[in-house]
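Structure record follows, encoded as structure tokens.
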Amino acid sequence: MELQAVLMAVGGGSRMTDLTYNTPKAMLPVGNKPLMWYPLNLLEKVGFEEVIVITTKEVQKAMSTDLKIKDVKMKLDVVSIQEDGDMGTADALRHIQPKIKTDILVLSCDLITDVALHEVVDLFRAHNATMAMLMSKAHEFTETVPGQKGKKKTAEQRDFVGVDQSGKRLLFMANEADLEDGLSIRKSIMRKHPRMLIKTGLVDAHLYCLKKAVVDFLTENKSISSIRGELVPYLVRKQFSKTVNSQKLKDDTDDQTQEKNDGPANHELLISSRDEPLLQLAQERSCWNDHRGDMSEAYHGGKLRCYVHIMDQGLCCRVNTLAAYIEVNRLAPKLFEEPSVHPSADISERCQMGSDSIIGAVCHIADKTSIKRSTIGNNTTVKEKVKVTNSIIMHGVTIEEGCNIQGSVICSNAVIGRGADLKYCLVGNGQHIEPEAERTNEIIVGTDQLMEI
Amino acid sequence: QSEGKDLTKEEKQRLRKEKKQQKKNKEKKDDKASQENEKEKKPVTSAAPASQPPTQPTVQKAPSAVPATAPVSVPASEASVPADKPAKTKAELKAERRARQEAERASKQSKKGETGQQAATSKPKAPPSDLQPVVKRLPEHIQVDNPDVLKKLAKKLERQQIPLRSDYGYKVSLFSHLHQYSRKAPLTQQLSIPSTVIHPAIVRLGLQYSHGIVAGSNARSVALLHAFKQVIRDYTTPQNEELSRDLVNKLKPYISFLNQCRPLSASMGNAIKYIKKEISNIPSNCKEDEAKNKLLNDIESYINEKIILAGVAIAKCAIEKQKISDGDVILVYGCSSLVNHILCKAFEKSRKFRVIVVDSRPRLEGKEALRRLVQKGISCTYVLISAVSYILPEVSKVFLGAHALLANGYVMSRVGTSQIALVAKAFNVPVLVCCETYKFCDRVQTDSFVSNELDDPDDLIVTRKGTTPLEGWQNESSLGLLNLVYDVTPPDFVDLVITELGMIPCTSVPVVLRVKNVDQ
């Protein structure tokens with residue numbers, strides 16, 4: 001077996017609590033499919049037959065009832081962990097270590113992308129890399145987000161990603177938060193790769209191919225708890241650490257202390273395969289080098305290599321903020337050639353429906369309604385003379401007559417009273433909007449939800 | 001070679017008629033053995049590709065099934081399956097066929113009979129070139145412009161569940177009979193992740209071949225054998241199957257896959273032949289673990305003998321016989337692992353010489369050779385191939401590496417080698433080719449057009465000072481980019497071939513091949 005897929009679907013949604021109050025992030029509807037269906041679909045399309053899904057009991061229950069997830073033909077091995085336990089992604093990997101028999105492909109449940117997965121995996125295979133990951137050029141979100149007061153430019157912590165000339169080898173990765181005194185790059189890296197491109201406008205897709213040795217390494221080093229936050233920067237740094245590269249470990253007196261700390265770690269990460277001398281021989285005899293201009297052999301003799309595939313076209317979006325959620329609802333349905341209207345929906349004749357709207361199952365859309373650029377979930381009732389534009393309506397919502405909903409997100413089981421006028425609002429789970437209400441740019445949630453902070 | 005082609009057509013027709021007759025006779029027998037005979041006949045009669053039914057362990061020699069043109073080693077090695085049982089039952093039919101063929105051959109030319117073959121062992125290693133086979137079969141990879149051949153290939157690949165790699169870009173008309181692939185469209189695009197049909201080690205190898213990470217005759221063979229070791233390790237014999245037969249069948253799709261990623265080299269072909277022979281020689285009463293261990297050891301010893309020790313022997317030969325003497329100026333071309341090894345060893349033995357490295361676009365392999373030599377401390381000069389006649393007056397010897405040595409004495413090597421040999425001849429500079437014997441191939445070729453490899457044409461596109469002139473080459477209707485990989489050097493330009501068997505002239509290659517066959 002070559003690769004095992006692991007899908008991380010634990011909690012999250014810390015940046016969109018209003019949406020995830022009642023629904024776990026993994027089951028948020030995007031284009032009327034649960035969010036975690038998208039990465040599962042990606043894996044299925046590419047040819048995986050089994051996926052290990054790490055999630056909470058809540059999500060597991062929701063999964064068992066969801067039709068779309070039942071449609072997935074792969075075998076899903078669901079491992080549930082405690083929700084409130086402070087388990088990071090790396091901790092989760094450590095938890096399932098006994099199941100891991102080979103190299104793994106770790107995905108996050110909130111990734112929606114149409115990447116050609118072989119691009120990432122080919123880097124992993126061809127260069128015998130320890131880690132290969134996917135990143136994408138960030139796109140500005142164009143839709144107005146409900147509840148945003150003015151043009152709030154959230155100073156998101158930027159990620160600094162350094163790649164080599166070919167754009168494939170990952171040399172440097174750090175988050176702005178960790179760089180207090182400024183960006184410093186080790187001389188050893190500059191000596192080996194004199195030309196480095198540092199990019200900041202990249203989105204990390206949280207898709208990683210990791211060698212089995214890394215999972216074993218995690219079981220030894222219990223201090224690492226997050227893949228993205230700790231493991232990946234650690235691996236990227238380790239590519240250039242002296243102990244990894246130098247052949248004469250004993251002579252390096254300066255690095256004695258460093259060696260002691262990293263010693264056991266290195267042995268874990270650099271588990272050499274059998275027939276290593278043959279591989280060495282093949283590399284020696286091969287007239288290929290990944291760089292030109294200095295005296296070192298291919299890969300500078302380094303055994304630990306990290307690669308990244310940067311997508312510049314196509315969709316790659318992580319749904320972890322409200323803005324992303326809205327954006328993705330607009331774009332995701334375009335990935336699939338599915339009819340926009342579910343066959344079981346009951347749509348009256350005199351309803352004006354735009355072509356880029358999606359209607360879910362068992363919906364009732366009455367006369368004289370106008371639905372443009374919107375997504376309507378399952379079991380929703382829309383009464384007469386309602387105008388829905390640019391909005392996302394989740395499941396089980398009732399919209400009474402004469403409402404006007406624009407640019408809003410209405411969560412499940414909400415009821416919008418007659419004649420209400422909502423512009424750029426977010427209506428939480430199960431909320432009732434009183435008739436004739438006029439709300440603009442507000443987040444309407446229950447009082448108990450407000451206490452959540 | 002044109003003679004051979006004439007023979008082919010007429011022989012083909014005659015044999016086809018006979019085949020039809022035989023079929024009618026044998027339909028009643030319903031013998032599995034006879035069916036095998038039929039299918040054996042087919043490759044004999046058709047000039048079609050070497051695709052044979054993979055599941056049938058084809059009995060070896062229809063004498064004509066022994067191809068002299070077998071760069072694809074699959075057919076020949078299929079024939080190497082020991083056919084003890086079927087041979088006995090088909091002795092009659094074989095004798096019949098043989099008699100007929102001999103009569104035809106005698107009528108055509110005064111050739112020696114194939115009587116020798118009856119006594120031969122289950123090893124139809126290509127015969128030396130004086131025993132002409134009846135029909136020359138053209139391998140499929142040089143018949144790309146023939147739609148029938150392509151169809152057969154597509155069918156064969158479909159059966160083996162391997163995706164077909166499509167050709168890319170406009171092909172220069174002289175070379176339209178060869179495949180031309182793009183590096184940006186790897187075969188893995190059409191494979192499932194994780195790969196189940198093909199062993200992951202082979203997928204990795206195929207990727208490394210197509211990206212050029214493993215390049216060079218020796219490196220490719222070693223990497224191939226390494227991958228085969230992984231395959232053998234992970235192999236378990238299914239129920240009711242014999243390891244000797246099943247494992248060979250398992251390897252066939254892998255070899256097709258690797259061939260699609262990058263056409264197999266002659267050295268790889270010979271290595272594959274060796275492995276298949278060893279696998280099929282495993283006695284049926286051997287336990288699986290023992291058999292696997294034996295195979296792994298065989299692979300190790302093959303690499304050790306044919307590549308590592310051969311390299312050592314060649315270096316020793318070259319140095320001791322004063323082929324590298326003090327004050328020499330040696331010219332090398334591109335990056336040949338063997339030549340680099342020889343030069344490094346000579347430098348270690350404190351010979352005083354300097355090296356001129358000649359390089360050519362688009363591969364610029366000379367830079368890697370330069371790096372390795374300079375790292376050792378050898379003083380080098382670096383020029384491009386366009387400056388070769390400028391630099392040659394300084395040169396005392398030319399050392400060239402080879403990709404393969406053909407049966408008629410021609411040297412197949414990186415494109416540009418024949419140029420260097422020609423210019424060296426014009427300047428009266430001795431040209432020495434270094435080549436291990438496992439690269440000796442029984443193919444015959446006199447020009448670089450018939451069989452070659454076309455690399456990705458986009459490699460020729462280069463950006464200088466911000467402009468990329470060839471960027472839109474596909475849009476120009478009268479422009480074609482050609483990126484050849486190999487060329488053949490005639491033996492007149494080569495003064496000596498250094499092998500581990502000694503220093504031989506180029507024309508002794510068929511002798512070496514014959515000696516090897518007799519040994520084995």
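Among residues of the stretch B:342-357 being within 14 Å of chain A (Cβ to nearest Cβ) and either touching a strand residue (DSSP E or B) at 6+ places or on another chain (Cβ under 9 Å) or aliphatic (A, V, I, L, M) (or both), the one that is nearest to B:SER379 (Cα to Cα) is B:VAL357. Would it be correct to say that A:LYS192 is basic (Lys, Arg), surrounded by 14 or more Cβ atoms within 10 Å (Cβ to Cβ) and farther than 19 Å from A:LYS242 by Cβ? So A:LYS192 fails the test.
For the stretch B:153-168, the set of residues classified as in a loop (DSSP other than H, G, I, E, B) and either in contact (Cβ under 8 Å) with a residue 60 or more places away in the chain or surrounded by 14 or more Cβ atoms within 10 Å (Cβ to Cβ) (or both) consists of B:GLN160, B:GLN161, B:ILE162, B:PRO163, B:LEU164, B:ARG165, B:ASP167, B:TYR168, listed by residue number. In the stretch A:336-354, the residues that are farther than 29 Å from A:LEU315 by Cα and free of Cβ contacts under 8 Å to residues at least 40 places away in the same chain form no Cβ pair under 9 Å with any partner that is among the aromatic types (Phe, Trp, Tyr) and not in a loop (DSSP other than H, G, I, E, B), whether six or more places apart or across chains. Here B:ILE391 fulfils each of the conditions (1) farther than 22 Å from B:SER418 by Cα; (2) β-branched (Val, Ile, Thr); (3) more than 24 Å from the chain's Cα centre (by Cα) apart from (1). For the stretch B:192-229, which positions are of a type in the set (Gly, Ala, Ser) and either within 9 Å of another protein chain (Cβ to nearest Cβ) or within 19 Å of B:TYR181 (Cβ to Cβ) (or both)? Passing the criteria: B:SER192, B:SER195, B:GLY206, B:SER210, B:GLY212, B:ALA215, B:GLY216, B:SER217, B:ALA219, B:SER221, B:ALA223. Within the stretch B:335-362, residues that are assigned to a helix (DSSP H, G or I) sit with their Cβ atoms under 6 Å from residues that are surrounded by fewer than 17 Cβ atoms within 10 Å (Cβ to Cβ), at 6+ positions apart or across chains, in these pairs: B:CYS344/B:LYS376; B:PHE347/B:LYS376. Taking each residue of the stretch A:210-224 that is over 10 Å from A:ARG94 (Cα atoms) and looking for partners that are of a type in the set (S, T, N, Q) and surrounded by fewer than 15 Cβ atoms within 10 Å (Cβ to Cβ) with beta-carbon atoms closer than 7 Å, six or more apart or interchain, yields A:LYS212/A:THR102.
Anything in the stretch A:168-197 that is among the hydroxyl-bearing types (Ser, Thr, Tyr) and outside any loop (DSSP other than H, G, I, E, B)? List them, or say none.
A:SER188
Scanning the stretch A:381-419 for residues that are hydroxyl-bearing (Ser, Thr, Tyr) and either open to solvent by 10 Å² or more (accessible area, probe 1.4 Å) or in contact with a His (Cβ under 9 Å, 6 or more places away or on another chain) (or both) yields A:THR381, A:THR389, A:THR398, A:SER412. Would you check if A:PRO264 is outside any loop (DSSP other than H, G, I, E, B), modelled with pLDDT under 85 and either away from chain B (no Cβ under 14 Å) or buried (at least 16 other Cβ atoms within 10 Å of the Cβ) (or both)? Judged against the criteria, A:PRO264 is a match. When B:SER267 is tested against (1) more than 21 Å from B:GLU436 (Cβ to Cβ); (2) open to solvent by less than 20 Å² (accessible area, probe 1.4 Å), exactly one condition is not met: (1).
For beta carbons closer than 7 Å, sequence separation of 6+ or different chains, a first residue in the stretch A:11-36 that is within 23 Å of A:ARG373 (Cβ to Cβ) and a second that is charged (D, E, K, R) and open to solvent by less than 30 Å² (accessible area, probe 1.4 Å), the qualifying pairs are A:LEU35/A:LYS25; A:LEU35/A:ASP110. All conditions but one from (1) more than 27 Å from A:THR102 (Cα to Cα); (2) within 14 Å of another protein chain (Cβ to nearest Cβ) apply to B:ILE232; the one that does not is (1). Just a yes or no: is a residue in the stretch B:118-136 modelled with pLDDT under 85, more than 26 Å from the chain's Cα centre (by Cα) and either surrounded by 18 or more Cβ atoms within 10 Å (Cβ to Cβ) or not assigned by the TED database to the domain that holds B:ARG245 (or both)? Within the stretch B:118-136, one or more residues are modelled with pLDDT under 85, more than 26 Å from the chain's Cα centre (by Cα) and either surrounded by 18 or more Cβ atoms within 10 Å (Cβ to Cβ) or not assigned by the TED database to the domain that holds B:ARG245 (or both).
One residue is enough: does the stretch B:311-330 have a residue meeting the conditions within 11 Å of another protein chain (Cβ to nearest Cβ) and on the phi < 0 side of the Ramachandran plot?
yes
Residues in the stretch B:446-466 that are open to solvent by 40 Å² or more (accessible area, probe 1.4 Å) and part of a loop (DSSP other than H, G, I, E, B): B:THR446, B:ASP447, B:PHE449, B:VAL450, B:ILE461, B:VAL462, B:THR463, B:LYS465, B:GLY466. Within the stretch B:244-257, does at least one residue satisfy the condition of being within 14 Å of chain A (Cβ to nearest Cβ) and either over 23 Å from A:GLU276 (Cβ atoms) or not hydroxyl-bearing (Ser, Thr, Tyr) (or both)? The answer is yes; a qualifying residue exists. Of all residues in the stretch A:276-295, those satisfying the criterion of being more than 7 Å from chain B (Cβ to nearest Cβ), more than 13 Å from B:GLY212 (Cα to Cα) and crowded, with 16+ Cβ neighbours inside 10 Å are A:GLU284, A:HIS291. Using the structure shown, decide if A:THR89 is out of contact with any Asp or Glu (no Cβ under 9 Å at 6 or more places or on another chain), more than 14 Å from every other protein chain (Cβ to nearest Cβ) and under 16 Å from A:HIS206 (Cβ atoms). Yes. Would you pick out the residues in the stretch A:3-23 that are open to solvent by less than 20 Å² (accessible area, probe 1.4 Å) and closer than 14 Å to A:LEU43 by Cβ? Residues satisfying the conditions are A:LEU3, A:ALA5, A:VAL6, A:LEU7, A:MET8, A:ALA9. Quickly run through the stretch B:370-385 and pick out the residues that are within 14 Å of chain A (Cβ to nearest Cβ) and either surrounded by 15 or more Cβ atoms within 10 Å (Cβ to Cβ) or in contact with a Leu (Cβ under 7 Å, 6 or more places away or on another chain) (or both). Those that are within 14 Å of chain A (Cβ to nearest Cβ) and either surrounded by 15 or more Cβ atoms within 10 Å (Cβ to Cβ) or in contact with a Leu (Cβ under 7 Å, 6 or more places away or on another chain) (or both): B:LEU370, B:ARG371, B:ARG372, B:LEU373, B:VAL374, B:ILE378, B:CYS380, B:TYR382.
Picking from residues in the stretch A:301-329 that are within 14 Å of another protein chain (Cβ to nearest Cβ) and crowded, with 19+ Cβ neighbours inside 10 Å, the one that is farthest from B:GLN208 (Cα to Cα) is A:HIS309. Listed by position, the helices (runs of 4 or more DSSP H) inside the stretch B:204-314 whose residues that are outside the structural domain of B:THR499 (by the TED database) and in contact with a Ser or Thr (Cβ under 6 Å, 6 or more places away or on another chain) number at least 3 are B:217-233, B:243-261, B:266-280.
The values are calculated or read from the model by the stated rules, or taken from the named source; none is laboratory data. Treat the numbers as computed from the prediction; the structure is a model and nothing was measured. FYI the Cβ positions are ideal-geometry reconstructions off the backbone, even for glycines, and counts take in every protein chain you see. Note: areas computed on protein heavy atoms with side chains; ligands, DNA, RNA excluded. Shrake-Rupley method; radii C 1.70, N 1.55, O 1.52, S 1.80 Å.
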